[in-house]
Amino acid sequence: MGTAITWLISFFLVTTTAFAAITSVINTGSSRTEAISASDHLLVEDLESSFKIIDINESTGQTLVHVVITNDGRQSFANFDDWVITLKYDQAQAASETVLVPTYTNTLIDNTWTDFEYWLDYNADHPELIEPGVLNAHEEMEIRIQVNPKLENNTYLVVTVTSPSGITESVTLRV
């Protein structure tokens, strides 16, 4: 009788321990699978995000730069606060090239930039129809950049636009 009770207690201890171990492995595996899935989802979003610079020009006494980009990816771009724009250009008075990193704003002042206008087709002047202020797939957006010191004639301007996901495009303009 004592052996049967000892065997029964041992059986329950082993079964309970095994059940706890299996449950722990299942829960850990589930959390790990969810983390891998979330990481893969972010990677796919980054891979599906893309834009190209399709036009650049300057105006207003060589202090205003217009850059037009098109979203040729599958993801929309909505928040432009974290985008980085860099301008490099030569100045006759400067010892080296001028490098500006203007900040994003809603109202243009010196060394700032803003998302100005959105289109379905920039060249045909077809305005966007859905989600104003969001650069959806296959839409185009004009970025306006106010620079100081102003651009000089017969110099080169290099504009680089970088999104928070690391997509970078550059273009050169002869002023």
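Values quoted throughout were computed directly from the atomic coordinates according to the rules given, and no laboratory measurement underlies them. Every value quoted in this text rests on a predicted model; they were computed, and no experiment measured them. All Cβ positions, glycine included, derive from the backbone under ideal geometry; neighbour counts span all protein chains shown.
Ranked highest first by average number of other Cβ atoms within 10 Å, how do 64-70, 53-59 line up?
64-70, 53-59
Arrange the peptides 93-106, 162-175 so that the one whose residues have, on average, the most other Cβ atoms within 10 Å appears first. Don't skip to the end; give the middle numbers.
On the way: 93-106: 12.2, 162-175: 14.1.
Packing proxy ranking, top to bottom: 162-175, 93-106.
If you find the alpha carbon centre of region 91-112 and of region 119-175, how far apart are they in angstrom?
So the two Cα centres are separated by 16 Å.
Sort region 51-174 into rounded, prolate or oblate with this rule: let a ≥ b ≥ c be the square roots of the eigenvalues of the Cα gyration tensor; rounded if a/c is under 1.5, and if a/c is not under 1.5, prolate when a/b is larger than b/c, oblate otherwise.
Working: a/c = 1.96, a/b = 1.79, b/c = 1.10.
In terms of gyration-tensor shape, prolate.
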